[in-house]
1. Please go through the range B:887-910 and give me each residue that is open to solvent by 50 Å² or more (accessible area, probe 1.4 Å) and in contact with a helix residue (DSSP H, G or I) (Cβ under 8 Å, 6 or more places away or on another chain), ordered by number.
2. Search the range B:73-102 for residues that are within 13 Å of another protein chain (Cβ to nearest Cβ) and pair each with any residue that is open to solvent by 50 Å² or more (accessible area, probe 1.4 Å) and polar (S, T, N, Q) when their beta-carbon atoms are under 8 Å apart and the residues are at least 6 apart or on different chains.
3. Considering only residues that are aliphatic (A, V, I, L, M) and in contact with a Phe, Trp or Tyr (Cβ under 8 Å, 6 or more places away or on another chain), look in the range B:508-538 and name the one that is farthest from B:K486 (Cα to Cα).
4. Inspect all residues belonging to the range B:675-698 and state whether any of them is on the phi > 0 side of the Ramachandran plot and assigned by TED's automatic domain parsing to the domain that holds B:E793.
5. With the requirement that a residue be among the aromatic types (F, W, Y) and assigned to a helix (DSSP H, G or I), what does the range A:135-182 give you?
6. Collect the residues in the range B:58-72 that are among the hydrophobic types (A, V, I, L, M, F, W, C) and more than 14 Å from chain A (Cβ to nearest Cβ), keeping them in residue-number order.
7. With the requirement that a residue be in contact with a strand residue (DSSP E or B) (Cβ under 9 Å, 6 or more places away or on another chain), open to solvent by 20 Å² or more (accessible area, probe 1.4 Å), away from every other protein chain (no Cβ under 11 Å) and not in a helix (DSSP H, G or I), what does the range A:20-44 give you?
8. Scan the range A:92-106 for residues that are surrounded by fewer than 24 Cβ atoms within 10 Å (Cβ to Cβ) and either within 10 Å of chain B (Cβ to nearest Cβ) or of a type in the set (G, A, S) (or both) and jot them down.
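The values are calculated or read from the model by the stated rules, or taken from the named source; none is laboratory data. All figures in this text were calculated on a predicted structure; none of them were measured in a lab. Note that each Cβ is placed from the backbone with ideal geometry, even for glycine, and that neighbours are counted across all protein chains shown. All accessible areas refer to the heavy atoms of the entire protein, side chains included, with ligands and DNA or RNA removed. Shrake-Rupley method; radii C 1.70, N 1.55, O 1.52, S 1.80 Å.
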Amino acid sequence: MPGFFSSLFGWFSALFFSKAIEIAVVGLQASGKTSFVHVISSGQWSEEVVPTVAYNYRKVRKGNVTINIWDIAGQPKFRSTWERYCNGVDAIVFVVDSSDREKFNAARFELHQLLSQSSLVGVPLLVLGNKNDLEEHAPIKELIPALQLDKISDRPVSCYSCSMKSQHNLDIVLQWLSGRSH
Amino acid sequence: MASFALSFQSKKEDEAGLSSYYNNKTTIIQEARVFNESPISPRKCRALLTRIVYLLYVGETFGTQEATTLFFGTTKLFQHKDSALRQAVYLAIKELATTAEDVIMVTSSIMKDMQPNSEVIYRPNAIRALCRIIDPSMAQGVERFFKAAIVDRNPSISSAALVSSYHLFPFAKDVVKRWVNEVQEAVSAKSSGNFFGTVSGGGGYLGFGGSTTASAQQSVPSSSYATQYHALGLLYLIRQQDRMAVTKMIQQLGGGKSGAGTTLKNPMALCMLIRYAAKVMEEDPKLFKRQMLDLLEGWLRHKSDMVNFEAARAICEMKYVNAQQLLLQLFLSSPKPVLKFAATRTLASLALSHPASVAACNVDLESLIADQNRSVATYAITTLLKTGNEASVDRLIKQITGFMTEISDEFKVIIVDAVRSLCLKFPSKHASMLTFLSGVLRDEGGYDFKRAVVEAMFDMIKFIQDCKEQALAHLCEFIEDCEFTKLSVRILHLLGMEGPKSPQPTKYIRFIYNRVVLENATVRAAAVTSLAKFGINSSDSGLQKSINVLLNRCLDDVDDEVQKPLADAYVREESVFSLSALESKLVAYVQDPSASSQRLDLSSVPKISRVQAAQEAARPSTLDTIGAPSTAVSNSPPPPTAAETQSAYATQLTEVPEFATYGSVLNSSASPLRLTENEMEYQVTCVKHIFNEHVVFQYNVSNTLPDVVLEGVSVIMQVNEGADALVEDFIIPIPSLLSANSPGTVYVSFTRANPTEFAVASFSCSLKFVSKEVDPSTGEPEDEGYEDDYALEDVELSAGGDYIIPSYVTFGSEWDRMRTGPSVVETFNLQTMDSIKAACDSIIEVLKMEALGGTEIPQSTTVHVLQLSGLVIGGGGKVLVRCRMTFSQGTGVVLELGVRAEKQEVCDLVISAVAG
């Protein structure tokens, strides 16, 4: 119930104030970054998403919030460029495939590697444990220690479990994002 | 803070300084933040991109890190749809792509822009940027795009695709080659621009159909047909390996005999085609000459000047001159300076080979001399100089002199070259031309120009006898005030060659000596050499004397370079000194302070023929083979010449303190004498060094056993015969010899009892040492060893090779000259020799003298004369040997040995050597 009211409030404030946010979506390959962008821009989920080469840029309007999204490819050869696109954004969205526990270590390493860049100090971080529609997915409780999110102290960090396929929890994600807009 | 300091500084600077601050690399990199701003300001970003591109164009270089940062900044601008900004982004990406890293990142953005259905103005820009971004492996992936773009109706897209393919070709040959059909289509395509274009050809109607859609696609109408030019370039690139295909292409596009049927509308494309045609003709003149010539002549009547001219030039270069100079003649009177320039330049080059056919244009050319464009006038005059007749030369030269100061060095060189060939053509006009040359020599000018003038004068001196005096005088004057060392040296050399032959050599000497006083070391050296030539080559004894005085003054010169030519008095000889031997001699001479009071003794330096000198120069330095065991020497394919080894030995010997008082080495053996069998565990070779009062035997001993150390290695020499002539002084043993530090050197020194006598002796030698085993684990030798003797082969001290060394002379004249000196003639009957060749070989082997004039190879099997020449060490002078031989089966070789030398002892020595 309180969630409903606050979202109503958000909708109202959105009517009067136009806002913008720029985000960079990063994460290992096949974690659902491009799906995330598709879902929040068009509300469509598709089984067939080709692996991103380099990056996609998308501009999305949600209410009064304009979201500029940099969707960066997650394959190892592109990971060195993450920093360049995260530089100057209002928030970093890190997408993890929560059903693939074997990749948690690699994801943790890449995430902390990225956050250690001096140019990105203080940039808010949103971690999405994607694919929670699958049976074997890891819950938030398991994800936070696995990615050592509790050890990040220099920025606001949030972690949600969600699913692009079922669009579960997407509303709070958007709410979080609009909270960062200006 | 830093930016404050910068702006403060910029206030003090002038306008240019301010703009350099504004367009400063550091500033720009700082300002690149605007790329990250949100929302993006297209205006600001475009201005910054312009500055980046400007900086790159003026030659500023960005580091990889800087370029990458900027590059990624620009990629963020893809979010904005502003087309002008996007075009600027593409320009910047194209420039940054070469230095930045990870440029592959923008591929997908670019690909999005070049989709066939995207109706954006920056599609060509995207295509052009793409070819800089992708690597060859991706060429296959973009194949579809390119094929479509090449045949695109929009000429700018088509051109962009063609040019990009052209750049891709070197990296992805196979892929680009597959696009040949599309390219072919682009060449012959009736461009959509037809409808809009001013030129309406036969294809205009067809183009009409397409033009409605084309205009709907906001295509830029083009009347230039530049696409054809680009397509032709690519087509040729693809086909250039296949000459038949190129020929076919030319014929196809050339459009038949009159050239009217051609589909090519772009004059540049036609010019290109003409060049390809000319190239084909050049490569294979027989096959295509007729067809190509027809095509070229058709193009002579094309409506574009450019094409006409290109065709005319191609024909001129093919040297088939007939009608086309009429056309060039037409150009000459054209009001356009470009055409006039092009025509005169072509005529000038044609005049070199076909002066007669160009002469027809002379009237027009003469009117061009007064042209206000100096480049045209210059070419006109040079052409006239080449085609002109004797009568017009004076007038032309006068005209040239008029504007010589107004033209650039490059053209001056052209004119001087023309004058140079002219004066060889009309020698009778040399006076006016020489005046002209000397006049321009005094003018301001760079090195190339002055060199051209000086060379022209050299030619006149060489070929025109009458003007020699005067030209030399001009050159003398020139070197008085010449800033180019190279030219001064050349002129001084020439003065040295020509001066002494002139009737009054004295007048040059003042000029030359002035150089000695005033110039830098190189010029001084040249001047001294030149003076020496005067001294030697002049017949006037008074002159020689004064030269001597001058040269003595030159001796005070501080520079080595000047001292050297003083020492070389070998200006006119047929033979030259062995350079390495001469050098070591000179070094010794310069280093020894007491020697400078005496004259340098050049007679002791061995002479070699010029042929040998040339061989020697071609040989690599072999200094490092000295002192190595014989195995090493035999391994190195070009054995060092005797002279080289000798000078190397001399250096080696000066390092031994015991021999310091011995003076300089008179002679060392040419090659080490091997005293052991090849496969023995100890290898010994011997080299004999003869000093004025001593003989030193150098034994190179090598130990081939890795686990044995030899200590106290010495060589014991027992004199077998000639014992009284030599007295043993001392032995310098090797303290310790391992296989690792082999070879070591043992020296045995003898004193020559009577230095004037040539002591001949024979020695039996043995190697003496203490042998110790080496512990392989520690590398330390054992305490106990055992003494050992090791017999070596005998060593001889003989005439050939030890006292007489080969030297080169001109045998005939020298033999006559020495007629009055001591001489001996003996006859020998060599029954054991079975041919003249064998006799020659063994005589040369015994005497070790130089065989002259190829006489070491007998031409006849029955009668032969062998001529030998040598130099006796220690100031013994020359020795010549003439061996007259006859051969008959049964009696063997009968030898009449004639020896002429400067001393009786030498004659005896030779005779005894042969007799023994």
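1. B:E902
2. Short answer, once both residue conditions are applied: B:G73/B:N36; B:K76/B:N36; B:A100/B:T64; B:E101/B:T64; B:D102/A:S80.
3. Within the range B:508-538, the subset aliphatic (A, V, I, L, M) is B:509, B:512, B:516-518, B:521, B:523, B:525-528, B:531-532, B:536.
The next check asks that each one be in contact with a Phe, Trp or Tyr (Cβ under 8 Å, 6 or more places away or on another chain); those that pass are B:509, B:512, B:527, B:531.
Working: B:I509: 20, B:I512: 15, B:A527: 12, B:L531: 18 Å.
My answer is B:I509.
4. Step one: of the range B:675-698, the residues on the phi > 0 side of the Ramachandran plot are none.
Scanning the range B:675-698, I find no residue that is on the phi > 0 side of the Ramachandran plot and assigned by TED's automatic domain parsing to the domain that holds B:E793, so the answer is no.
5. Here is the first cut: in the range A:135-182, the ones among the aromatic types (F, W, Y) are A:160, A:176.
A:W176 - this is the single residue of the range A:135-182 that is among the aromatic types (F, W, Y) and assigned to a helix (DSSP H, G or I).
6. Step one: list which residues in the range B:58-72 are among the hydrophobic types (A, V, I, L, M, F, W, C), which gives B:58, B:62, B:67, B:70-72.
Of everything in the range B:58-72, those that are among the hydrophobic types (A, V, I, L, M, F, W, C) and more than 14 Å from chain A (Cβ to nearest Cβ) turn out to be B:V58, B:F62.
7. Selection gives A:A30 alone.
8. A:S99, A:A106
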